[in-house]
Each structure stands twice: as structure tokens, then as C-alpha cells.
Amino acid sequence: MDVSSIASLATSMAETGVKQEVGYAVLKKAQQMDGQVAAQLINALPQPQRLPANLGNTINTTA
């Protein structure tokens, strides 16, 4: 191996590392945005109705 091929290999390895770091940063940002959207959707759900206290206490087993 001559010096120019070693330098070329080192440069390409460095570029690959930078590309991977950028990819991880984009992935992390996308996951953060997904989490924010999920939280907004959960907060947008309507609150459940307040039912009278006597409902839901017994099960009709004769039906």
C-alpha cells in the first residue's frame, strides 16, 4: 500500500463515521418528534364520562 491509498482509506473511513453520526442525530430527532406527537394525541383524547356510582357494580348473569 502506498501513502496515497492509505490517506484515501483514512479519509473515506472518517467520512463514513461522520455520516453515521449524522444518521444517528437524525434518528434521535425523529424519535423525539414522534414522542411529542404521541403525547399530543394522548392529550387530545376526550375525557371519559362521569357515570353514576351505581353503574358497573354488578354483572347480570341471568341473561
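The values are calculated or read from the model by the stated rules, or taken from the named source; none is laboratory data. Bear in mind that the values here come from a model prediction, so they are computed numbers and not experimental data. FYI the Cβ positions are ideal-geometry reconstructions off the backbone, even for glycines, and counts take in every protein chain you see. Surface areas here come from the heavy atoms of the whole protein model, side chains and all, with no ligands, DNA or RNA. Shrake-Rupley method; radii C 1.70, N 1.55, O 1.52, S 1.80 Å.
Test Thr61 against the criterion of being in a helix (DSSP H, G or I), among the β-branched types (Val, Ile, Thr) and modelled with pLDDT of 80 or more, and give yes or no. Walk me through it before giving the result.
Details: in a helix (DSSP H, G or I): no; among the β-branched types (Val, Ile, Thr): yes; modelled with pLDDT of 80 or more: yes.
Against the criterion (in a helix (DSSP H, G or I), among the β-branched types (Val, Ile, Thr) and modelled with pLDDT of 80 or more), Thr61 does not qualify.
Within region 10-58, the set of residues being part of a helix (DSSP H, G or I) and small (Gly, Ala, Ser) comprises Ala10, Ser12, Ala14, Gly17, Gly23, Ala25, Ala30, Gly35, Ala38, Ala39, Ala44. The set of residues in region 38-56 that are loosely packed, with under 10 Cβ neighbours inside 10 Å, under 25 Å from the mean Cα position of the chain (by Cα) and not polar (S, T, N, Q) comprises Leu41, Ile42, Ala44, Leu45, Pro46.
Would you be able to say whether some residue in region 2-15 is modelled with pLDDT of 90 or more and either among the hydrophobic types (A, V, I, L, M, F, W, C) or open to solvent by less than 90 Å² (accessible area, probe 1.4 Å) (or both)? Among the residues of region 2-15, not one is modelled with pLDDT of 90 or more and either among the hydrophobic types (A, V, I, L, M, F, W, C) or open to solvent by less than 90 Å² (accessible area, probe 1.4 Å) (or both), which makes the answer no.
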